[in-house]
Amino acid sequence: MKLATVGSVAFDAIETPFGKTDKIVGGAGTYIALASSFFVKEQSLISVVGEDFPQDVLAELSSKGVDINGVEVKQGEKTFFWSGRYHNDLNTRDTLVTELNVLADFKPVVPVNAQNASFLMLGNLSPDVQLSVIQQMKQRPQLIAMDTMNFWMDIALDSLKETLKHIDVLIINDEEARQLSGVYSLRKAAKIIREMGPSILIIKKGEHGALLFHEQHIFYAPALPLEEVFDPTGAGDTFAGGFMGYLAAAERIDFDNMKRAIIAGSALASFCVEKFGTQRLKEITMADIQARMQEFVSLSTFQL
Ligand code: AMP
(Lines give C-alpha, C1' and ligand atoms only; values in the text may rest on other atoms or scores of the structure.)
Protein backbone atom coordinates (compact mmCIF):
# COMPACT_ATOMS: atom_id res chain seq x y z
CA MET A 1 0.00 0.00 0.00
CA LYS A 2 1.46 3.34 -1.04
CA LEU A 3 -0.64 5.82 0.91
CA ALA A 4 -2.77 5.62 4.04
CA THR A 5 -4.96 8.50 5.16
CA VAL A 6 -6.92 9.06 8.33
CA GLY A 7 -9.56 11.77 8.22
CA SER A 8 -13.21 12.59 8.66
CA VAL A 9 -15.88 11.37 6.27
CA ALA A 10 -18.81 13.65 6.83
CA PHE A 11 -22.02 15.34 5.91
CA ASP A 12 -21.59 19.07 5.36
CA ALA A 13 -24.13 21.84 4.88
CA ILE A 14 -22.53 24.87 3.29
CA GLU A 15 -23.68 28.45 2.77
CA THR A 16 -21.77 30.79 0.48
CA PRO A 17 -22.76 34.16 -1.01
CA PHE A 18 -23.75 32.15 -4.12
CA GLY A 19 -26.11 29.65 -2.54
CA LYS A 20 -26.50 26.92 0.02
CA THR A 21 -26.56 23.15 0.09
CA ASP A 22 -28.51 20.63 2.08
CA LYS A 23 -26.45 17.83 3.59
CA ILE A 24 -23.79 16.86 1.07
CA VAL A 25 -20.88 14.48 1.43
CA GLY A 26 -17.69 16.08 2.72
CA GLY A 27 -15.02 15.48 5.32
CA ALA A 28 -11.27 15.93 5.22
CA GLY A 29 -10.65 12.23 4.52
CA THR A 30 -13.04 12.29 1.57
CA TYR A 31 -11.33 15.29 -0.04
CA ILE A 32 -7.83 13.91 0.62
CA ALA A 33 -8.64 10.48 -0.84
CA LEU A 34 -10.40 11.90 -3.89
CA ALA A 35 -7.52 14.28 -4.64
CA SER A 36 -4.76 11.72 -4.13
CA SER A 37 -6.65 9.12 -6.21
CA PHE A 38 -5.61 10.98 -9.36
CA PHE A 39 -2.01 9.98 -8.65
CA VAL A 40 -2.08 6.82 -6.52
CA LYS A 41 -4.08 3.83 -7.62
CA GLU A 42 -3.61 2.02 -4.33
CA GLN A 43 -4.42 3.71 -1.04
CA SER A 44 -6.26 3.16 2.21
CA LEU A 45 -8.75 5.45 3.94
CA ILE A 46 -9.20 5.10 7.69
CA SER A 47 -12.33 6.72 9.08
CA VAL A 48 -15.74 6.16 10.64
CA VAL A 49 -19.30 6.84 9.48
CA GLY A 50 -22.78 6.12 10.81
CA GLU A 51 -25.38 3.81 9.31
CA ASP A 52 -26.94 6.87 7.62
CA PHE A 53 -23.96 7.23 5.28
CA PRO A 54 -24.69 6.28 1.64
CA GLN A 55 -23.01 3.05 0.58
CA ASP A 56 -22.67 4.26 -3.00
CA VAL A 57 -20.31 7.04 -1.92
CA LEU A 58 -17.97 4.50 -0.34
CA ALA A 59 -18.33 2.32 -3.44
CA GLU A 60 -17.36 5.29 -5.61
CA LEU A 61 -14.20 5.86 -3.55
CA SER A 62 -13.48 2.18 -3.85
CA SER A 63 -13.78 2.38 -7.64
CA LYS A 64 -11.03 5.01 -7.58
CA GLY A 65 -8.62 2.63 -5.87
CA VAL A 66 -9.38 3.69 -2.30
CA ASP A 67 -9.44 0.68 0.04
CA ILE A 68 -12.34 1.38 2.41
CA ASN A 69 -11.80 -1.57 4.74
CA GLY A 70 -10.57 0.95 7.30
CA VAL A 71 -13.83 2.95 7.18
CA GLU A 72 -15.85 1.64 10.10
CA VAL A 73 -19.64 1.80 9.73
CA LYS A 74 -21.24 2.18 13.17
CA GLN A 75 -24.72 0.71 13.21
CA GLY A 76 -27.33 2.76 15.07
CA GLU A 77 -25.14 5.89 14.99
CA LYS A 78 -24.98 9.04 12.90
CA THR A 79 -22.22 10.35 10.64
CA PHE A 80 -20.22 13.43 11.67
CA PHE A 81 -22.03 16.60 10.56
CA TRP A 82 -20.50 20.02 9.98
CA SER A 83 -22.13 23.19 8.76
CA GLY A 84 -20.46 26.47 7.84
CA ARG A 85 -21.30 29.86 6.37
CA TYR A 86 -18.75 31.81 4.32
CA HIS A 87 -18.47 35.58 4.47
CA ASN A 88 -18.52 37.67 1.30
CA ASP A 89 -14.71 37.54 0.93
CA LEU A 90 -14.88 33.69 0.96
CA ASN A 91 -11.69 33.72 3.01
CA THR A 92 -13.43 33.60 6.35
CA ARG A 93 -16.28 31.43 7.57
CA ASP A 94 -18.33 30.76 10.66
CA THR A 95 -18.93 27.24 11.84
CA LEU A 96 -22.67 26.98 12.42
CA VAL A 97 -22.95 23.38 13.62
CA THR A 98 -20.53 20.61 14.60
CA GLU A 99 -22.22 17.33 15.52
CA LEU A 100 -19.40 14.91 16.29
CA ASN A 101 -21.66 11.83 16.39
CA VAL A 102 -19.43 8.85 15.41
CA LEU A 103 -16.29 11.02 15.61
CA ALA A 104 -16.82 11.63 19.34
CA ASP A 105 -15.11 8.40 20.34
CA PHE A 106 -13.29 7.57 17.11
CA LYS A 107 -10.57 5.00 17.70
CA PRO A 108 -9.08 4.40 14.27
CA VAL A 109 -7.96 0.90 13.46
CA VAL A 110 -5.36 0.73 10.70
CA PRO A 111 -6.11 -2.33 8.53
CA VAL A 112 -3.26 -4.83 8.26
CA ASN A 113 -2.64 -4.06 4.58
CA ALA A 114 -2.24 -0.34 5.38
CA GLN A 115 0.18 -0.83 8.28
CA ASN A 116 3.13 -0.87 5.91
CA ALA A 117 2.07 2.16 3.83
CA SER A 118 5.10 4.18 2.83
CA PHE A 119 3.20 7.49 2.95
CA LEU A 120 0.88 8.47 5.79
CA MET A 121 -1.48 11.46 5.78
CA LEU A 122 -3.02 12.50 9.07
CA GLY A 123 -6.09 14.64 8.38
CA ASN A 124 -7.28 17.21 10.89
CA LEU A 125 -8.38 15.24 13.97
CA SER A 126 -7.40 15.24 17.62
CA PRO A 127 -3.60 14.93 17.98
CA ASP A 128 -4.07 11.84 20.18
CA VAL A 129 -6.04 10.12 17.44
CA GLN A 130 -3.38 11.11 14.91
CA LEU A 131 -0.63 9.68 17.15
CA SER A 132 -2.54 6.43 17.64
CA VAL A 133 -2.47 5.92 13.87
CA ILE A 134 1.31 6.47 13.70
CA GLN A 135 1.75 3.95 16.51
CA GLN A 136 -0.15 1.27 14.58
CA MET A 137 2.22 1.40 11.60
CA LYS A 138 4.44 -1.71 11.33
CA GLN A 139 7.38 0.27 10.05
CA ARG A 140 8.10 3.97 10.02
CA PRO A 141 6.54 5.36 6.79
CA GLN A 142 8.91 7.15 4.43
CA LEU A 143 6.91 10.34 4.96
CA ILE A 144 4.28 11.31 7.52
CA ALA A 145 2.31 14.50 6.85
CA MET A 146 -0.25 16.08 9.11
CA ASP A 147 -2.88 18.81 9.15
CA THR A 148 -4.19 20.46 12.32
CA MET A 149 -6.11 23.59 13.34
CA ASN A 150 -6.37 26.37 15.94
CA PHE A 151 -8.97 24.38 17.88
CA TRP A 152 -6.36 21.73 18.87
CA MET A 153 -3.83 24.43 19.75
CA ASP A 154 -6.44 25.91 22.11
CA ILE A 155 -7.55 22.73 23.85
CA ALA A 156 -4.80 20.10 23.36
CA LEU A 157 -1.50 21.92 22.88
CA ASP A 158 0.58 19.40 24.85
CA SER A 159 -0.77 16.44 22.87
CA LEU A 160 -0.28 18.37 19.65
CA LYS A 161 3.38 19.07 20.54
CA GLU A 162 3.88 15.37 21.28
CA THR A 163 2.41 14.29 17.93
CA LEU A 164 4.51 16.88 16.09
CA LYS A 165 7.65 15.08 17.30
CA HIS A 166 6.69 12.04 15.20
CA ILE A 167 5.91 13.60 11.82
CA ASP A 168 7.84 14.94 8.82
CA VAL A 169 5.54 17.48 7.16
CA LEU A 170 3.13 19.86 8.87
CA ILE A 171 0.56 21.52 6.59
CA ILE A 172 -1.17 24.50 8.21
CA ASN A 173 -2.39 27.98 7.27
CA ASP A 174 -0.65 31.25 8.10
CA GLU A 175 -2.92 32.10 11.03
CA GLU A 176 -2.31 28.66 12.56
CA ALA A 177 1.47 28.97 12.05
CA ARG A 178 1.41 32.29 13.91
CA GLN A 179 -0.63 30.85 16.76
CA LEU A 180 1.52 27.72 17.11
CA SER A 181 4.82 29.64 17.06
CA GLY A 182 3.69 32.77 18.90
CA VAL A 183 5.40 35.03 16.34
CA TYR A 184 4.07 37.00 13.37
CA SER A 185 6.89 36.62 10.83
CA LEU A 186 6.24 33.40 8.92
CA ARG A 187 9.95 32.88 8.43
CA LYS A 188 10.56 33.04 12.17
CA ALA A 189 7.44 30.95 12.77
CA ALA A 190 8.79 28.27 10.42
CA LYS A 191 12.04 28.08 12.38
CA ILE A 192 10.21 27.69 15.69
CA ILE A 193 7.71 25.12 14.38
CA ARG A 194 10.39 23.01 12.69
CA GLU A 195 12.22 22.84 16.02
CA MET A 196 9.06 21.18 17.42
CA GLY A 197 9.53 18.16 15.12
CA PRO A 198 8.46 18.42 11.47
CA SER A 199 11.52 18.95 9.28
CA ILE A 200 9.29 20.19 6.47
CA LEU A 201 6.63 22.86 6.86
CA ILE A 202 3.98 24.00 4.41
CA ILE A 203 2.19 27.23 5.22
CA LYS A 204 -0.98 27.80 3.17
CA LYS A 205 -1.99 31.37 2.53
CA GLY A 206 -5.38 30.79 0.87
CA GLU A 207 -5.74 32.85 -2.29
CA HIS A 208 -2.11 33.91 -1.87
CA GLY A 209 -0.60 30.48 -2.40
CA ALA A 210 1.64 28.38 -0.19
CA LEU A 211 5.17 28.39 1.22
CA LEU A 212 7.32 25.29 1.50
CA PHE A 213 10.18 25.24 4.02
CA HIS A 214 12.55 22.37 3.26
CA GLU A 215 16.07 22.11 4.72
CA GLN A 216 17.60 25.52 4.05
CA HIS A 217 15.31 26.25 1.07
CA ILE A 218 12.03 28.12 0.73
CA PHE A 219 9.71 27.63 -2.24
CA TYR A 220 6.70 29.82 -2.91
CA ALA A 221 3.80 28.50 -5.00
CA PRO A 222 1.20 31.05 -6.05
CA ALA A 223 -2.49 30.25 -6.08
CA LEU A 224 -4.06 30.42 -9.49
CA PRO A 225 -6.01 33.69 -9.79
CA LEU A 226 -9.49 32.32 -10.51
CA GLU A 227 -12.33 34.42 -11.89
CA GLU A 228 -14.72 32.89 -9.42
CA VAL A 229 -14.41 30.99 -6.20
CA PHE A 230 -17.66 29.24 -5.48
CA ASP A 231 -17.08 27.16 -2.33
CA PRO A 232 -13.70 26.94 -0.53
CA THR A 233 -14.72 23.96 1.63
CA GLY A 234 -12.16 21.20 1.48
CA ALA A 235 -9.59 23.21 -0.48
CA GLY A 236 -6.95 22.66 2.22
CA ASP A 237 -7.62 18.93 2.36
CA THR A 238 -7.63 18.67 -1.42
CA PHE A 239 -4.28 20.46 -1.48
CA ALA A 240 -2.88 17.99 1.06
CA GLY A 241 -4.30 15.02 -0.86
CA GLY A 242 -2.82 16.21 -4.14
CA PHE A 243 0.54 16.85 -2.47
CA MET A 244 0.75 13.44 -0.80
CA GLY A 245 -0.72 11.57 -3.77
CA TYR A 246 1.85 13.11 -6.09
CA LEU A 247 4.75 12.23 -3.77
CA ALA A 248 3.49 8.71 -3.07
CA ALA A 249 3.17 8.03 -6.80
CA ALA A 250 6.67 9.34 -7.50
CA GLU A 251 8.16 7.72 -4.37
CA ARG A 252 10.66 10.55 -4.21
CA ILE A 253 10.70 13.20 -1.54
CA ASP A 254 13.55 15.44 -2.66
CA PHE A 255 13.03 19.21 -2.79
CA ASP A 256 12.38 19.36 -6.56
CA ASN A 257 9.68 16.74 -6.35
CA MET A 258 8.13 18.44 -3.33
CA LYS A 259 7.85 21.62 -5.39
CA ARG A 260 5.98 19.72 -8.10
CA ALA A 261 3.80 18.09 -5.45
CA ILE A 262 2.86 21.52 -4.07
CA ILE A 263 1.83 22.63 -7.55
CA ALA A 264 -0.19 19.41 -7.98
CA GLY A 265 -1.95 20.15 -4.67
CA SER A 266 -2.55 23.78 -5.67
CA ALA A 267 -3.96 22.76 -9.06
CA LEU A 268 -6.38 20.31 -7.46
CA ALA A 269 -7.44 22.85 -4.82
CA SER A 270 -8.11 25.39 -7.59
CA PHE A 271 -10.61 22.94 -9.12
CA CYS A 272 -12.17 22.05 -5.78
CA VAL A 273 -13.33 25.62 -5.10
CA GLU A 274 -15.10 25.96 -8.47
CA LYS A 275 -18.24 24.09 -7.36
CA PHE A 276 -19.95 22.99 -4.14
CA GLY A 277 -18.41 20.16 -2.15
CA THR A 278 -16.58 17.39 -3.99
CA GLN A 279 -18.53 17.88 -7.23
CA ARG A 280 -15.73 19.41 -9.30
CA LEU A 281 -13.18 16.82 -8.16
CA LYS A 282 -15.44 14.16 -9.61
CA GLU A 283 -15.68 15.84 -13.02
CA ILE A 284 -12.04 16.57 -13.81
CA THR A 285 -9.56 14.32 -15.55
CA MET A 286 -5.81 13.90 -15.30
CA ALA A 287 -5.49 15.97 -18.49
CA ASP A 288 -7.32 18.88 -16.79
CA ILE A 289 -4.90 18.67 -13.86
CA GLN A 290 -1.86 18.59 -16.11
CA ALA A 291 -3.11 21.59 -18.09
CA ARG A 292 -3.64 23.52 -14.89
CA MET A 293 -0.21 22.59 -13.55
CA GLN A 294 1.16 24.02 -16.79
CA GLU A 295 -0.70 27.28 -16.08
CA PHE A 296 1.26 27.54 -12.83
CA VAL A 297 4.48 27.30 -14.79
CA SER A 298 3.43 30.16 -17.11
CA LEU A 299 2.16 32.17 -14.16
CA SER A 300 5.42 32.21 -12.25
CA THR A 301 8.34 31.61 -14.62
CA PHE A 302 10.54 34.48 -15.74
CA GLN A 303 14.12 35.09 -16.70
CA LEU A 304 16.55 37.60 -15.32
P1 AMP B 1 -11.36 22.62 5.16
O2 AMP B 1 -12.28 23.49 4.33
O3 AMP B 1 -10.14 22.21 4.41
O4 AMP B 1 -11.07 23.21 6.49
O5 AMP B 1 -12.12 21.25 5.44
C6 AMP B 1 -13.50 21.18 5.55
C7 AMP B 1 -13.90 19.75 5.89
O8 AMP B 1 -13.47 19.45 7.21
C9 AMP B 1 -15.41 19.61 5.86
O10 AMP B 1 -15.77 18.74 4.81
C11 AMP B 1 -15.78 19.08 7.24
O12 AMP B 1 -16.62 17.96 7.18
C13 AMP B 1 -14.47 18.72 7.89
N14 AMP B 1 -14.43 19.13 9.31
C15 AMP B 1 -14.89 20.28 9.86
N16 AMP B 1 -14.69 20.29 11.19
C17 AMP B 1 -14.08 19.11 11.50
C18 AMP B 1 -13.62 18.50 12.72
N19 AMP B 1 -13.76 19.12 13.92
N20 AMP B 1 -13.03 17.28 12.65
C21 AMP B 1 -12.90 16.66 11.47
N22 AMP B 1 -13.32 17.16 10.29
C23 AMP B 1 -13.91 18.37 10.30
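Estimated from helices alone, the mean residue ellipticity of the chain at 222 nm is -11000 deg cm²/dmol (sum of -39500 (n - 2.57) over DSSP H runs with n ≥ 4, per residue). Modelled label positions at E51 and Q279, each set 7 Å beyond Cα in the direction of Cβ, lie 3.2 nm from each other.
In this simple spin-label model, placing a label point 7 Å from the Cα along the Cα-to-Cβ direction at both E60 and K165 gives a separation of 4.2 nm.
Averaged per residue, what accessible area in Å² does the chain show with a 1.4 Å probe, protein chains only?
Numbers: 13450 Å² over 304 residues.
Accessible area per residue: 44 Å².
Could you tell me what fraction of 2.2 N^0.38 Å the Cα radius of gyration of the chain comes to, as a two-decimal ratio? After normalising by residue count via 2.2 N^0.38 Å, the value is 0.92.
From the alpha carbon centroid of region 175-209 to that of region 112-143 is 22 Å. The packing ranking, built from the mean of other Cβ atoms within 10 Å per residue, places the peptides 95-107, 229-241 in the order 229-241, 95-107, highest first.
How would you rank 29-36, 174-181, 132-139, highest first, on the average number of other Cβ atoms within 10 Å across their residues? If you can, show how the numbers build up before the last one.
Values: 29-36: 30.9, 174-181: 19.0, 132-139: 15.5.
Those peptides, ordered most packed to least, come out 29-36, 174-181, 132-139.
Projecting the Cα atoms of L45, T21, T278 onto the charge dipole of the chain (Cβ charges, centred on the Cα centre) puts L45 farthest toward the positive pole. When the solvent-accessible area of the chain is split by element, carbon and sulfur atoms take up 50 percent of it, the probe being 1.4 Å.
Peptides 294-304, 66-76 ranked from most to least packed give 66-76, 294-304, packing being the mean of other C-beta atoms within 10 angstrom over each peptide's residues. Under a Cβ-Cβ cut-off of 11 Å, what is the net charge of the residues other than V273 that fall near it, where Lys and Arg count +1 and Asp and Glu count -1? With Lys, Arg at +1 and Asp, Glu at -1, the net is -2. Using 0.36 nm per residue and subtracting the Cα-Cα separation, the extra length available between E295 and E175 on full extension is 40.4 nm.
Sum up the charges of everything whose Cβ sits under 14 Å from the Cβ of L164, counting Lys and Arg as +1 and Asp and Glu as -1, but leave L164 out.
-4
Pairwise alpha-carbon distances in region 70-164 exceed 15 Å for 69% of all pairs. Under 11 Å from the Cβ of V66, count the other residues' Cβ atoms, weight Lys and Arg +1, Asp and Glu -1, and hand me the total. Around V66, the surrounding residues sum to -1. So, in Å, what gap is there between the alpha-carbon centers of region 59-109 and region 232-260? Value for the Cα centre distance between the two parts: 21 Å.
The values are calculated or read from the model by the stated rules, or taken from the named source; none is laboratory data. Remember, predicted model here, so these are calculated numbers, not experimental data. Methodologically, a virtual Cβ is constructed for each residue, glycine included, from the backbone with ideal geometry; neighbour enumeration extends over all protein chains shown. Ligands, DNA and RNA are excluded from the accessible area calculation, which covers all protein heavy atoms including side chains. Shrake-Rupley method; radii C 1.70, N 1.55, O 1.52, S 1.80 Å.
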